[in-house]
Each structure stands twice: as structure tokens, then as C-alpha cells.
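Enquirer: Can you keep this structure in mind? I'll have questions shortly.
We did not get these values from a lab; they are worked out from the coordinates using the rules stated. Keep in mind that this is a model prediction, so the values were computed, not measured. Quick reminder, even Gly has a Cβ in these numbers, built from the backbone with ideal geometry, and neighbours come from all protein chains shown.
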Amino acid sequence: TFDYHPEGDATSDIIKSLDMVFCFASLYFVFQAHRTVAEQHLLAVHLVVNTPLASGWRAARLHVLRKPAFWVEAVLTTMHLPPTVTFAVGAEAISGWLQSPGNYVLYRGENLMSVLSMLKIYQLWPLLRELCFWDLPKRHFVGRMTKVTLGSTFALKRMFNSSYAVFYVGVLWFFWLMAFGYVYRNVELTACLYPSMMLADGTYRDPLCARENSWMWLQQGRLQRKINDYTMFSAVWAVFVTSSTVGYGDYVPTTGFGRAVMTLVCTAGIMAAGLLTATIIVDLQWTPTEQSVLLMLERQKARRQMRDMAARLIATCWVRRMRRLGGLRNDPEYAHQVKVKFRHVLELSKSDTEKLGGVGRKIATVSKRTRESRNALDELFELRGDDSSLSKRSLEP
């Protein structure tokens, strides 16, 4: 609830109680996950060195408790604000370079803990990583034999090189837009503008909220009244516009934390845009199978054009002979040129492209030879200079 109640709030206490239960339940699963990893390590050592497993299973739990990584994750997992506990922290928001005094912002404890709780999202990644590897049998054995670490980097490469890479990038972009939007909204809210901050006698619970710079903020070089925007849509829109490097200017970060969040948003947005572009380019490239199919289709197209040109050549010679426009029998020079050109067309149509290097070169060669054959036949039709009898209309029958 976007309000400040130092004396306690029933709705907030219920939410905090549920959050506390989920935090300690998550701690149990975190411990079990670390214990499973420790047992897998002990099993791998047993297979290599043949150490006894009986003592190893009992030592797995102690091994987890000695790991600093487990305690760091445990602190992040159990980090919450207990019921009936609330506080507020005031700070001078950054409103310009070396400007003093700056805009005064009062952060409510619930808002700060909500931002810190977003760090727990990383716990979803191990689950997604295992889902990425679930269809790979004997991956641990193969990884040890090849000395390839099947970790997060390998999982990301497999995801972004699959046929669903564009979908994964889109989901990732949407996910971090929502996460950064939620954080940005919380760091831009000031508790001085909460309804219950002002008491019945006109005073504020926090004396510093009575100062002018607690509600009149310097934004874009002008003094403007600070307004708390509680909608998630506005925060996500601001993050999206900033990440896409458009920057309409309708939403501007006014606090130091807000600018820090937008700095991360810009960096992540550039990376996401580049990743999306690279993924689309990879998807649009020809696969070896598609290149083979394209070569087969180009061959069929070339053969059809060769047949059409041969039929056109025969029809042209027949029309010339029947219309007495200079037959082959009465013009030896023309007959010789016809034979040479027709032999050249046949050689091009029968040429083999299998000895060429790559598939792309084969396709380009077939297309080039088809154009050369068409040009050679056009030159043949122009030998006599009588275009009226060589038109397509006269050859249609």
C-alpha cells in the first residue's frame, strides 16, 4: 500500500507475514539445492578416486555450511521486512551537477526492501538452466571427459542458437522491462507526498517534508511540483523508451537511484537490441539443407529455360523457312552461325556444377550460365535483323 503508517498497518503486516514465510521456505530449497550439488561433487570424486560414499553423504551438509556462497545466498533469500516494522529514510535527490540543496526525497522502508527483494530473481536462473539441459543425457559425464563446463554460459549459447532464439530474446526483454520498471517506480516515489504523511494539525511526520524542496523539485532546469506516479505502466514505458535509445523526455529520472537504474537500463537495452539483431540475422541465414534445395530449384529453373530457348530456336528457324525469309539451305553462313550458337547453348545447359566449391558458388554459376545462354540465343535471333518474324506473338502457335 502506497502510504506511510509508523503506528502500523494491517494490510502491510499481512503482506509482510506472507513474505517472511516464503523467505524461510525458500531458504530450505536453497539449502537442498546446494546439498545436491555437493553430493554430485562427492559422487564424481568417488568415481575417480574410489572414496567411500557412506561418510561422504553425511559430510555433504557440513560441506554446504562451510561454503561462503551459501551464506551469501541465504542472506539474500531471507532478506525481508518483519511485520509491524517500518521506517523511512530521507536523502537529497540529485537534481543537477553539484547543486545544493537538492530535491529532498523520503524513501519508505517497504519501497527499499521491495527493490532489494528484486535481487532474489536470480534464483530462477538455476531452474531455467536445468530446463535447458534436461534433454541432454549423460551431460555431466561428457562435460568431465571433454573438460567443457556445462554452466550458465553454455546454457545461454544453447538457448540463443536454437530455433526459438528470437522468442527467448523477446521473453528476456519483456522480463527485464518489467523488473526494471518495478524498481524505477519504487525509487522515484517519495513518502513526503503520501496521504498520511500530513497530520491533522497541518504538520508533517517528517519535519524535512515541510521544506519547499520536498514537493517543488528542480526537473530539467525548471521548478516543478513533484507528483508520485503509482502506475506500473508509466514506469515500464519510461524504461522501454530509455532502453530503445529514443528518449521522448516525457519521463525523466529525478533521483540519484532513478538515474542509476536508468544507467543500467541503457546498458541492458543496447545489449538486448544487439542480441535481438544478431539472432534475427542468424535465423535469416541459409541452412545447408535450404541451400541444397535452392540449388535444386535453380537447376530445374535453368533446365526449363533451356527447353524454352531450344523450342524458340526451332520455331524461329521453321518460321523463317516457311515464310521464305532466307532459309538455312539458301544461306550457308547463317546456317553455320546457327549451329555454333546452338552448340554453345547446349554446352552451357549440359555443364556440370558439382565440381565447384560451395553451394552459393554453384547457385551463382547456374544463374550466370542461364543468363549467358539467353544472351547467346538473343544474338542468334538478331543475326538476320528481321525482328518482325522473331516476335513472341509470331511464335505462340
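Enquirer: Segment 87-284: percent of C-alpha pairs farther apart than 24 Å? Spell out each step's value before the answer.
Expert: Values: 10392 of 19503 pairs.
The calculated P(r) of segment 87-284 puts 53 percent of pairs beyond 24 Å.
Enquirer: Compute the FRET efficiency between residue 285 and residue 67 as 1/(1 + (r/R0)^6), taking r as their Cβ-Cβ distance and R0 = 56 Å, and round to the nearest 0.05.
Expert: Efficiency, from the Cβ-Cβ distance: 0.80.
Enquirer: Can you compute the FRET efficiency between residue 41 and residue 121 using 1/(1 + (r/R0)^6), with r the Cβ-Cβ distance and R0 = 22 Å? Round to the nearest 0.05. Spell out each step's value before the answer.
Expert: Working: r = 26 Å, r/R0 = 1.20.
Computed FRET efficiency for residue 41 and residue 121: 0.25.
Enquirer: What percent does the relative contact order of segment 87-284 come to when contacts are Cα pairs within less than 8 Å and at least six residues apart?
Expert: Worked out over segment 87-284, it gives 26 percent.
Enquirer: Still on this model: Residue separation times 0.36 nm, minus the C-alpha to C-alpha distance between residue 222 and residue 259: what's the value?
Expert: Working: separation 37, 0.36 × 37 = 13.32 nm, distance 1.78 nm.
Roughly 11.5 nm would be gained on extension.
Enquirer: With a 10 Å radius around each residue's Cβ, average the other Cβ atoms per peptide and rank 117-124, 256-263, highest first.
Expert: On the way: 117-124: 13.0, 256-263: 18.5.
Top to bottom by mean Cβ count within 10 Å: 256-263, 117-124.
Enquirer: Suppose each label sits 7 Å from its Cα in the direction of the beta carbon; what would the residue 157-residue 368 distance come out to in nanometres?
Expert: Between residue 157 and residue 368, the label points sit 3.6 nm apart.
Enquirer: If packing is taken as the average count of other Cβ atoms within 10 Å, what order do 274-282, 140-148 fall into, highest mean first? Show your work: numbers first, answer last.
Expert: On the way: 274-282: 13.3, 140-148: 11.3.
Order by mean packing, descending: 274-282, 140-148.
Enquirer: I've got another one for you. Please give the peptides 248-255, 160-167, 221-228 ranked by average Cβ packing (other Cβ atoms within 10 Å per residue), highest first, as a rough proxy for protection. Walk me through the numbers on the way to the answer.
Expert: Numbers: 248-255: 15.9, 160-167: 13.2, 221-228: 11.4.
With the highest mean Cβ count within 10 Å placed first, the list reads 248-255, 160-167, 221-228.
Enquirer: On a full-extension model of 0.36 nm per residue, what is the gain between residue 27 and residue 303, subtracting their alpha-carbon distance, rounded to one decimal in nm?
Expert: Net length gain for the segment: 92.4 nm.
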